[in-house]
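Worksheet for the structure shown next.
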Amino acid sequence: MDQLISLCKRRGFIFPGSEIYGGLANAWDFGPLGVALKNNIKRSWWQRFVEERDDMYGLDAALLMNRRVWQASGHESTFSDPLVECKNCHTRIREDQLPEDKKCPSCGKKEFTTPRQFNLMLKTFLGPAEEDANIVYFRPETAQAIFVDFKQIIDTYAPKLPFGIAQIGKAFRNEITPGNFIFRTREFEQMEIEYFIKNTDVWNDSFEMWLKEMNNWMTSIGIDMQKVHNLDVPKEELAHYSKRTVDVEFDFPFGKKELFGIAYRGDFDLQSHQTASGESLEYFDEETKERILPHVIEPSIGVERMLLAILASAYREDPLETTSSEAGEQEKRIWLDLPMRMAPYKAAVFPLLSNKPELISKAQEIRARLQGAWPGFFPIAFDKSGNIGKRYRRQDEIGTPYCFTVDFQTLEDNTVTVRDRNTMQQERISVSEVRKFLEGKMRE
Ligand code: ATP
């Protein structure tokens, strides 16, 4: 984990937030490569589950919602964790996260206060007066907006069941014990789907479909599926409205922990909002001519947890012969085995030497042409600093799959070397083939 954190900082993926002011506990900022990776994850999810399906509707609701939403959903009264405090050193911790030996992680003593329920919603006030009537919450999940806007979607689009509504956005939780880098933070992003089905449908079929869909998607974005485990939450631990919840766990470097969840929530949410708002949220079933409240399957994913799982899946350290021309002074090669669609840069172009203007301008020309071929989503790096070995190291560490080098032969026969990140093998190809080469790799 330390190596991964160090790589993230060194290469501009993730920095500690507010660092020049001494930081802010468990706040992390995503640098240029981190935001590129995050965008690639979100884009891939949106493309697959919204754009490529004709039973899905996208949404981007306001983050601040009427307080009554959280009263109706039960969050105001029950979205809490049991908080205990060590009587010796006053460390506060979630009771259900105490280590097995029940010792305080800070001082090792075993005496705690009796647990009290601590509400996780972050509160603020709208407008100048800090009074009860102006309280609003930063949403602790994106899902509720989907239920609240359900009526808008059915009135506008008259979708046929089953259909889903999907949303990506920020969520906030005043976690008692955040930590493990970006695994548990107080501000994070979620990608959530509410998939509505008829109350008479065999819900487990939809549930299984979503488990499978998520597995396929995770495979496509480079998650090591050997490290993924489904935990069927035991009946006695299920929320009263849920008939089945699966916590999809991942072997993170700090242990097996929840990556995301899929829950069958019945009609609990629509029912609660219908009752509290007084608005009918019923759906008219054309086949049976009945008004029904659909049931729902909810796959709910944290973007940062998925990003951490991708990095943990991709991280590689290889021993290198110190005599190797590529190794420089390092004895090991650190690289990220990211799939091309996730890599922040799809390729890099270098001039072999940094002091030869004719090589630099040829390399810049190739890079500009490649980047222009797929505007927006095909970033190509350019690097002329240090020696070629160091540049390969840098691109390896950020997961760039291919590096093209312009040398003197390029000026004669219009060929470049292409070096493969995974095998470190090089071959010469014609400059006119470079674009086709990358397109082919992108499709693999
Ligand atoms: P946990 O048990 O880890 O607190 P949870 O079961 O409360 O998580 P959900 O409410 O099901 O989580 O939220 C759905 C997903 O949102 C989680 O599976 C996770 O990927 C992400 N998530 C939840 N809380 C956080 C957090 N504090 N930091 C980062 N991601 C989070």
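List of remarks:
- Evaluation of residue 425 against (1) in contact with a Leu (Cβ under 7 Å, 6 or more places away or on another chain); (2) without any contact (Cβ under 8 Å) to a residue 12 or more places away in the chain (one fails), failing number: (1)
- Residue list for the stretch 224-254, restricted to those being surrounded by 16 or more Cβ atoms within 10 Å (Cβ to Cβ), in a strand (DSSP E or B) and not aliphatic (A, V, I, L, M): 244, 245, 247, 249, 250, 251, 252
- Residue identified as touching a Gly at 6+ places or on another chain (Cβ under 7 Å) and either loosely packed, with under 15 Cβ neighbours inside 10 Å or not polar (S, T, N, Q) (or both) among 389, 372: 389
- Pair list, Cβ < 7 Å and 6+ apart or interchain, from the stretch 278-301 residues that are more than 18 Å from residue 151 (Cβ to Cβ) to residues that are more than 16 Å from the ligand (Cβ to nearest atom): 297/197; 297/203; 297/206
- The listed residues are 205, 201, and the only one of them that is surrounded by fewer than 16 Cβ atoms within 10 Å (Cβ to Cβ), of a type outside the set (A, V, I, L, M, F, W, C) and in contact with a His (Cβ under 8 Å, 6 or more places away or on another chain) turns out to be 201.
- Strands (runs of 3 or more DSSP E) contained in the stretch 3-64 and holding at least 2 residues assigned by TED's automatic domain parsing to the domain that holds residue 398 and modelled with pLDDT of 95 or more: none
- Assessment of the stretch 231-240 against the conditions (closer than 24 Å to residue 42 by Cα, within 15 Å of the ligand (Cβ to nearest atom) and at pLDDT 95 or above) yields no matching residue.
- Residue within the stretch 265-272 that is farther than 21 Å from residue 206 by Cα and among the hydrophobic types (A, V, I, L, M, F, W, C) present: no
- Whenever a residue of the stretch 1-29 is of a type in the set (Lys, Arg), its partners that are part of a strand (DSSP E or B), lying with C-beta atoms within less than 9 angstrom and at least six residues away or across chains, give the pairs 9/15; 9/16.
- Test: residue in the stretch 107-127 that is more than 16 Å from the ligand (Cβ to nearest atom), assigned by TED's automatic domain parsing to the domain that holds residue 246 and exposed (fewer than 15 other Cβ atoms within 10 Å of the Cβ): no
- Single condition residue 270 does not satisfy, out of (1) touching a Lys or Arg at 6+ places or on another chain (Cβ under 9 Å); (2) part of a helix (DSSP H, G or I): (1)
- Flag for residue 402 being closer than 20 Å to residue 442 by Cα and in the same structural domain as residue 435 (by TED's automatic domain parsing): yes
- Residue in the stretch 157-171 that is within 16 Å of the ligand (Cβ to nearest atom), assigned to a helix (DSSP H, G or I) and modelled with pLDDT of 95 or more present: no
- Residue tally, condition among the aliphatic types (A, V, I, L, M) and free of Cβ contacts under 8 Å to residues at least 40 places away in the same chain, over the stretch 109-152: 2
- The set of residues in the stretch 93-122 being in contact with a Cys (Cβ under 9 Å, 6 or more places away or on another chain) and aromatic (Phe, Trp, Tyr) consists of 112 alone.
- Residue in the stretch 253-270 that is away from the ligand (no atom under 14 Å from the Cβ), touching a residue at least 40 places away in the same chain (Cβ under 8 Å), farther than 20 Å from residue 181 by Cα and out of contact with any helix residue (DSSP H, G or I) (no Cβ under 8 Å at 6 or more places or on another chain) present: yes
- Strands (runs of 3 or more DSSP E) wholly inside the stretch 362-444 containing at least 3 residues that are under 24 Å from residue 35 (Cα atoms): 380-382
- Matching entry among 15, 79, 49 (being buried (at least 17 other Cβ atoms within 10 Å of the Cβ) and within 25 Å of residue 399 (Cβ to Cβ)): 49
- Residues that are part of a loop (DSSP other than H, G, I, E, B), touching a residue at least 12 places away in the same chain (Cβ under 8 Å) and more than 12 Å from the ligand (Cβ to nearest atom) within the stretch 172-203 comprise 198, 199, 201, listed in sequence order.
- Any hit, the stretch 134-156, residues being within 14 Å of the ligand (Cβ to nearest atom) and aromatic (Phe, Trp, Tyr): yes
- Tally of residues being over 27 Å from residue 444 (Cα atoms) and away from the ligand (no atom under 14 Å from the Cβ) across the stretch 212-230: 0
The values are calculated or read from the model by the stated rules, or taken from the named source; none is laboratory data. Given the structure is predicted, the values throughout are model-derived calculations rather than measurements. Please note: Cβ atoms are built from the backbone with ideal geometry, for glycine as well, and neighbour counts cover all protein chains shown.
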